[in-house]
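K.L.:
One structure, as structure tokens, below. Some questions next.
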Amino acid sequence: MSEIVGSATQEPEDPAVLAKRRRFLWRMILVLVGGTFLDGYILGIIGPVTGTIEHDDPRYTAIWIGLEASSAMLGILIGSPVGGWLADRLGRRPILFWDLVLFTAFSALQFFVDGPWQLFLVRLGMGIAVGVEYAVGQPMIAEFAPVHLRGKLLGTTLVAWYFGFMVAFIIGYYLNAAGVHWRVILGSSTIIAVILVIGRIGLPESPRWLWSRGRTEEAHEIALEYMDTAYQTDMAKAASDGVVGSFGMLFSPAVWRSTVFMCVFWTCAVAPYFAIATFADNVMGTVGLTGLLSGVILSVFAWLGVTWTTLVIDRYSRRSLCVPTQWAAAVLLVVIGLWAGAPAPIMLVMFLAYSFLNAVYTCLTMIYPAEIFPTEIRALGTGFSAAVSRLGAAGGLFLIPLSLDHLGFTWTMIFAAIVAFVGALVSQILAPETGGKSLSELASEVTH
């Protein structure tokens with residue numbers, strides 16, 4: 001180990017080498033961030049066409065529409081833990097490539113679906129691929145990122161998610177208004193997927209994963225080519241005994257608090273927002289807010305919130321951005337529910353404020369998992385947490401149209417507020433502080 005560190009400290013800071021490293025980092029970020037853009041896109045694109053699908057084909061009942069909207073979430077529930085488990089055993093690189101190939105194939109099938117079951121199964125398959133992306137993409141970024149950029153780079157993935165959701169809503173709205181068939185609108189994600197597949201060809205394996213599996217020479221070669229001396233030195237501090245992670249490690253005495261925190265926090269962050277944003281026309285139409293503005297403006301303010309958080313993530317502590325904002329968002333949902341008769345402009349401001357606040361703490365769901373789980377189970381821990389969160393989000397997507405129909409706007413918002421309060425309480429107790437620390441340092445804190 002000392003020889004590896006020593007050779008790393010002697011490498012020349014050749015301008016050509018530095019330029020190559022910068023180009024690589026940009027490429028890696030673009031193709032991995034593109035995966036979360038694609039996730040936001042497939043979830044956002046279905047919202048504007050749900051009414052058209054239901055009108056065109058009587059087989060698509062209200063229950064089926066809820067299932068179609070939640071099918072990708074259910075797929076993530078399957079793909080995230082399986083993808084994380086595979087990535088911790090087989091490596092980040094092969095899983096990241098082939099899961100996007102799988103996504104592309106399922107996305108293309110949307111052009112040919114005929115009936116509710118087919119659409120459900122196709123979008124379920126897309127969700128499985130997206131789940132793998134969640135489990136592997138964030139760990140891959142974290143394992144390559146310099147400490148001083150890690151928070152910003154991980155946060156950028158959620159900036160891309162909201163941007164994808166917003167872009168999809170706009171595209172879907174206008175294509176739907178122009179009379180483009182809803183199968184073509186849904187299948188538009190295939191174009192983006194093909195571009196990303198090409199961009200991922202030739203990406204290297206994560207040196208930290210190689211190091212954790214005892215493949216130190218390979219790890220050093222990749223780190224020497226793509227990373228700086230500080231990275232190589234920190235990597236060499238980690239264990240390299242070839243230990244393979246397991247599901248049991250998620251609930252070991254050293255890690256269980258991280259697992260519980262991430263599962264509850266992530267679920268309570270995304271479930272209310274997904275439900276409200278996906279069915280924005282229904283939710284906001286109940287209080288007199290309709291049209292393109294009612295749907296896309298929520299995503300615009302969420303995008304602003306997560307962009308602001310990404311820009312300041314390293315200026316403030318993780319906890320200060322995570323905990324107080326959750327309490328504020330929960331209170332705001334209560335006010336929205338109890339003041340259902342508020343004038344439309346006031347109601348709009350409250351929805352926008354909730355969207356912004358939710359985005360601030362939801363940004364941490366892209367940062368915390370890659371930081372609080374050790375390398376041996378980083379992908380598995382991320383994938384497991386994502387799966388649990390999507391189970392809650394799928395439930396919200398399925399239930400919100402039924403809740404609006406049978407319980408009304410007020411109780412729907414109150415239930416959303418209860419979920420937000422649970423997330424705030426658990427985060428208040430368990431949320432750690434991880435800013436400014438290397439992955440080796442964070443792993444040492446968790447396991448000791």
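K.L.:
Would a scan of the stretch 357-375 turn up a residue that is touching a residue at least 24 places away in the same chain (Cβ under 8 Å) and more than 30 Å from residue 144 (Cβ to Cβ)?
P.N.:
The answer is yes; a qualifying residue exists.
K.L.:
Where in the stretch 147-234 are the helices (runs of 4 or more DSSP H), entirely inside, with at least 3 residues that are at pLDDT 85 or above and within 24 Å of residue 95 (Cα to Cα)?
P.N.:
Those helices (runs of 4 or more DSSP H) span 147-177, 189-200, 207-212, 216-226.
K.L.:
Let me ask another. Suppose the filter is more than 17 Å from the chain's Cα centre (by Cα) and at pLDDT below 90; does residue 53 pass it? Working first, answer last.
P.N.:
Working: more than 17 Å from the chain's Cα centre (by Cα): yes; at pLDDT below 90: yes.
Against the criterion (more than 17 Å from the chain's Cα centre (by Cα) and at pLDDT below 90), residue 53 qualifies.
K.L.:
Go through the stretch 359-387 and give me each residue that's under 11 Å from the mean Cα position of the chain (by Cα) and either modelled with pLDDT under 90 or of a type outside the set (Val, Ile, Thr) (or both).
P.N.:
Residues satisfying the conditions are 363, 364, 366, 369, 383, 385, 386, 387.
K.L.:
What number of residues in the stretch 21-59 are crowded, with 20+ Cβ neighbours inside 10 Å and not β-branched (Val, Ile, Thr)?
P.N.:
Residues flagged as crowded, with 20+ Cβ neighbours inside 10 Å and not β-branched (Val, Ile, Thr) within the stretch 21-59 amount to 13.
K.L.:
Taking the stretch 414-446 as the search range and keeping residues that are buried (at least 18 other Cβ atoms within 10 Å of the Cβ) and among the polar types (S, T, N, Q), which one is farthest from residue 330 (Cα to Cα)?
P.N.:
Among residues in the stretch 414-446 that are buried (at least 18 other Cβ atoms within 10 Å of the Cβ) and among the polar types (S, T, N, Q), the one farthest from residue 330 (Cα to Cα) is 440.
K.L.:
So which residues in the stretch 108-127 are in a loop (DSSP other than H, G, I, E, B) and of a type in the set (Phe, Trp, Tyr), if there are any at all?
P.N.:
111, 112
Each row is one residue, and each column tells you yes or no for (1) surrounded by 23 or more Cβ atoms within 10 Å (Cβ to Cβ); (2) in contact with a Lys or Arg (Cβ under 8 Å, 6 or more places away or on another chain); (3) of a type in the set (Ser, Thr, Tyr).
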| site | (1), (2), (3) |
| --- | --- |
| 69 | yes, no, no |
| 79 | yes, no, no |
| 82 | no, no, no |
| 87 | yes, no, no |
| 114 | no, no, no |
| 117 | no, no, no |
| 122 | yes, no, no |
| 134 | yes, no, yes |
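K.L.:
More than 19 Å from residue 31 (Cα to Cα) and either without any contact (Cβ under 8 Å) to a residue 12 or more places away in the chain or charged (D, E, K, R) (or both), is that true of residue 90?
P.N.:
Here the answer is yes, as residue 90 does meet what is asked.
The values are calculated or read from the model by the stated rules, or taken from the named source; none is laboratory data. Here the structure is a predicted model, which means the values were calculated and not measured. With ideal geometry, Cβ positions are generated from the backbone for all residues, glycine too; neighbour counts draw on all protein chains shown.
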